[in-house]
Amino acid sequence: MGGINISSVDAGVLATEQNPALLGPEHSSRAGISYMRYIGDSNFASAAYSHAAGEYGAWAASIRYFGYGSIPRTDISGIETGSFAPKDLAISGIYSHSLSDLLRGGFAIKAIYSSYDSYSAFALGVDLGINYYDEEKDLSLSAVVVNLGGQIKRFDQTYDRLPVDLRLGWTQSFPGLPVRFSITAWNLTKWKLPYYESGDGTMGAAPALKSSFGSNLMRHLVFAADIVPSERYYIGVGYNYKTRTDMSTYSRNLLSGFSLGAGLDTDTWGVGVALAQPHSGAFTFMVSLSASIEQLIGN
């Protein structure tokens, strides 16, 4: 929930895309797929498979696709000459290993391809993650560095580095309360994340630059809470202030920045759904499926 969570140890094999240290032997022979319908004609999809590597290690492979719909192509005079469909594709190899009973580290090597009309680029990146998990206290702490690397093939003559980011995460439940709380801090390589607050819609109203301490702090944080009445199902809510402020207009949407989800898990399979409304003009919907290949074949 909230779009980013690097410390939820029960999130399944697809969560390894956010933190490779969440992968472990307990995910052996697990497969997962997800699909999200985003704003306009944008579609995002991913698939992953994981397997144990000995008693303390595990590996996984994943693929992610980002399609941004059809965009009109115009010449310098603004005359339409056709259309193109920009897209991004990322293929990852992931490995993790337990460093102690409570500590696990992992890394992911990513090959990233982008195609925007007649332009294309290729890059290699590495994610590094670590997770501390105390099952007795149901406490999980994580740190991740993402996108170490750069372009191999450029769009043009300009070389761009990947957007390196440092992220920290905390997830914990408390005795007697069937709720698991999470806070994720991201974009920690820079403190200031200013944005423009739209005017009130009247003529002459100018956008106002927002860059106070409180605003910058909140734009670094993502909050989530999962109601977990049993190990089989959950209901979750998340809040991302950066999404809310990035997408806000003068006709502010009350639900912007919030996301809602629910999931059901069995020993053999799992299903999850999530819904969000980034701004008043669009809803996003996501569905994910996971399965234990060994148990499916065994059954």
To the nearest Å, what is the center-to-center distance of region 142-175 and region 222-296, using C-alpha atoms only?
-> 22 Å
Taking region 1-74, the equivalent ellipsoid from its C-alpha gyration tensor has semi-axes in Å, biggest first, of 30, 13, 9
Based on the Cβ-Cβ distance from Thr74 to Asp41, what FRET efficiency comes out when R0 is 25 Å, to the nearest 0.05?
-> 0.90
If you take the square roots of the eigenvalues of the alpha-carbon gyration tensor of region 146-234 and sort them as a ≥ b ≥ c, do you get rounded (a/c under 1.5), prolate (a/b over b/c) or oblate?
-> oblate
So what's the net charge close to Phe174: Lys and Arg +1, Asp and Glu -1, counting the other residues with Cβ under 12 Å from its Cβ?
-> +1
What's the FRET efficiency of Phe122 with Asp10 using the Cβ-Cβ distance as r and R₀ = 41 Å, to the nearest 0.05?
-> 0.75
Nonlocal amide H pairs with Val179, under 5 Å, H built at 1.01 Å = Phe174, Val228
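Nearest 20 debye, what's the magnitude of the dipole of the chain about its Cα centre given +1 on Lys and Arg Cβ and -1 on Asp and Glu Cβ?
Working: 21 positive and 26 negative charges, 163 e Å.
The calculation lands at about 780 debye.
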Scoring region 1-97 by relative contact order with C-alpha pairs under 8 Å, at least six apart, yields a percentage of 24 percent
Per-residue ³J(HN,Hα) for region 154-162, Karplus 6.51 cos²θ - 1.76 cosθ + 1.60, θ = phi - 60°, Hz, x for Gly and Pro | 9, 5, 9, 8, 8, 8, 10, 7, 5
Give, to the nearest whole percent, the P(r) tail of region 148-299 beyond 21 angstrom, counting all Cα pairs.
-> 63 percent
Chain lengthening between Phe84 and Asp267 when straightened (0.36 nm per residue, less Cα-Cα) | 61.5 nm
In region 149-249, what trypsin sites (Lys or Arg not before Pro) fall in a loop by DSSP, with at most 14 other Cβ atoms inside 10 Å?
-> Lys190, Lys192, Arg232
Of the labelled options [x] 62, 44, 36; [y] 53, 40, 39; [z] 96, 43, 24, which one gives Cα extents along the principal axes in Å as computed for this structure?
-> [x]
15 Å beta-carbon shell around Leu264, net charge (K/R +1, D/E -1) = -4
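Assuming 0.36 nm per residue, please report the length gained on full extension of the stretch Ser28 to Lys210 beyond their Cα-Cα distance. It would help to have the intermediate numbers written out before the result.
Numbers: separation 182, 0.36 × 182 = 65.52 nm, distance 4.67 nm.
Length difference between fully extended and current span is 60.9 nm.
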So how far apart, in nm, are the two label points at Lys153 and Leu260 if each is 7 Å from Cα heading toward Cβ?
-> 4.4 nm
Please give the calculated 222 nm ellipticity per residue for the chain, where each DSSP H segment of at least 4 residues contributes -39500 (n - 2.57) and the sum is spread over every residue; nearest 500 deg cm²/dmol?
-> -1500 deg cm²/dmol
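Read the figures in this text as sums done on the coordinates, not as results from a lab. Note that the coordinates shown come from a computational prediction; the quantities given were computed from them, not determined experimentally. All Cβ positions, glycine included, derive from the backbone under ideal geometry; neighbour counts span all protein chains shown.
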